[in-house]
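Take a look at the structure set out below.
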Amino acid sequence: DSLVELQRDQKADEAIALADQIIADPKANAFDRGFANYVAANAWLDKDTDSYTQAIAYLNKAIAENSLSNNAHFQMMLQLSNMLKNEERYPESLAMADRYLTESGAENAKAYAAKADTLYRMKRYADSIDVVKKAMAMGEADDSLTKLLVANYQELDRPADAAKALEEMLAKKPGDKQ
């Protein structure tokens, strides 16, 4: 079975084993290694473990190979940033989010939203506010970002700003009883 077939058939352990063989093969080129690392990372995610440790290791290697399409490469960066955040590895998560934004050149509202959440978790509330506002200005103005903005204001003891943010959110939904 090929790596793609094993992944498609959700044979995670077999996909990881084959990926490891490809990665270790001295004849494998950068694309082969990058793709094998990518598949292995996703296979680890399919295994539904309690931790992203293995998936993070493979994604780091896939990104380091710098051999997949730009779309795949940059999506892996965002995915890795989120996994690192979920593992409470905030400085690494922030670095990867910044790297994504710098290298991709994209003004991606979802990336800014993820970065703002990481900054909040790092207790960098003022920085988080700036990034939340940037994400919201780009059209990523969902309730979760407003709630993050409010939480930042509360941490900085700025209740008037928190109330204003909530009022603006509620004003956009006049019929909503929540």
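Just a few scattered comments:
- The dipole here belongs to the chain: it is taken about the Cα centre, uses +1 on the Cβ of Lys and Arg and -1 on the Cβ of Asp and Glu, and is about 540 debye.
- Between Asp98 and Asp161, the modelled label-to-label distance comes to 2.1 nm, taking each label 7 Å out from Cα in the direction of the beta carbon.
- Estimated 222 nm signal from helices in the chain, with DSSP H stretches of n ≥ 4 weighted -39500 (n - 2.57), rounded to 500: -24000 deg cm²/dmol
- Around Glu155: net Lys/Arg minus Asp/Glu count, Cβ-Cβ under 13 Å: +2
- Averaging 1/r across all pairs of distinct Cα atoms in the range 22-123 and inverting the result yields a Kirkwood radius of 13.9 Å.
- You can think of it this way: the chain between Thr49 and Asp9 has 12.6 nm of extra reach, that is 0.36 nm per residue less the Cα-Cα gap.
- Helix 12-24 and the long axis of the chain differ in direction by around 70°, with both axes built from C-alpha atoms.
- Accessible area per residue was computed with a 1.4 Å probe on protein heavy atoms; Tyr38 scores about 70 Å².
- Within the range 107-135, backbone nitrogen closer than 11 Å to the virtual label 7 Å beyond the Cα of Glu87 toward Cβ: none
The values are calculated or read from the model by the stated rules, or taken from the named source; none is laboratory data. Just so you know, these numbers come straight off a predicted model, no measurement behind them. Quick reminder, even Gly has a Cβ in these numbers, built from the backbone with ideal geometry, and neighbours come from all protein chains shown. Keep in mind that these areas ignore ligands, DNA and RNA; they rest on the heavy atoms of the full protein, side chains included. Shrake-Rupley method; radii C 1.70, N 1.55, O 1.52, S 1.80 Å.
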